[in-house]
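Some notes on the structure that comes next.
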Amino acid sequence: MAAKIKKGDRVIVLTGKDKGKTGEVIAAFPTENKVLVQGVNLVKRHQRASGAETGGIVEKEAKINVSNIAIVDPKENKPTRVGFKTLDDGRKVRVAKLSGEVIDN
């Protein structure tokens with residue numbers, strides 16, 4: 001099945017401690033149904049100093065479940081569901097259900 005959320009998409013968090021925050025997808029993990037979103041679901045991790053890097057407490061993004069986020073409609077700037085459509089030239093593209101706008105470039 002085609003991925004509804006991919007790296008580089010602008011998404012909004014629907015549930016959880018970061019509800020309402022928006023960010024860009026840094027990485028997608030389709031086998032786990034999870035994604036990393038920039039600036040969302042931040043956790044603190046203890047990092048050991050190694051070589052050039054300094055140690056200390058580092059804040060970084062943790063994975064978030066795909067069911068807890070939605071793509072932001074490029075036209076309406078609201079959360080939307082994703083559908084698929086075949087264009088005249090034969091390409092299969094993702095489409096925002098809210099406005100009908102094509103998400104893929």
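The values are calculated or read from the model by the stated rules, or taken from the named source; none is laboratory data. Keep in mind it's a predicted model, so treat the numbers as computed, not measured. Reconstructed Cβ throughout: ideal geometry from the backbone, glycine too, with neighbour counts over all protein chains shown.
Return a yes/no flag: does the stretch 52-74 have any residue that is among the hydrophobic types (A, V, I, L, M, F, W, C), without any contact (Cβ under 8 Å) to a residue 40 or more places away in the chain and part of a strand (DSSP E or B).
The first filter runs over the stretch 52-74 and keeps only residues among the hydrophobic types (A, V, I, L, M, F, W, C), leaving 52, 57-58, 62, 64, 66, 69-72.
Narrowing further to those that are without any contact (Cβ under 8 Å) to a residue 40 or more places away in the chain: 52, 57-58, 62.
The next check asks that each one be part of a strand (DSSP E or B); those that pass are 57-58.
Yes, the stretch 52-74 contains a residue that is among the hydrophobic types (A, V, I, L, M, F, W, C), without any contact (Cβ under 8 Å) to a residue 40 or more places away in the chain and part of a strand (DSSP E or B).
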How many residues, within the stretch 24-58, are touching an Asp or Glu at 6+ places or on another chain (Cβ under 9 Å) and either among the charged types (D, E, K, R) or on the phi > 0 side of the Ramachandran plot (or both)? 5
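So which residues in the stretch 25-39 are outside any strand (DSSP E or B) and touching a residue at least 24 places away in the same chain (Cβ under 8 Å)?
Let us first name the residues in the stretch 25-39 that are outside any strand (DSSP E or B), namely 30-33, 38-39.
Within the stretch 25-39, 30, 32, 33 qualify.
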With of a type in the set (Ser, Thr, Tyr) and without any contact (Cβ under 8 Å) to a residue 24 or more places away in the chain as the only criterion, which of 15, 86, 22 stands out? 86
Filter the stretch 40-49 down to residues that are at pLDDT 95 or above and assigned to a loop (DSSP other than H, G, I, E, B) and give me whichever is surrounded by the most Cβ atoms within 10 Å (Cβ to Cβ). 40
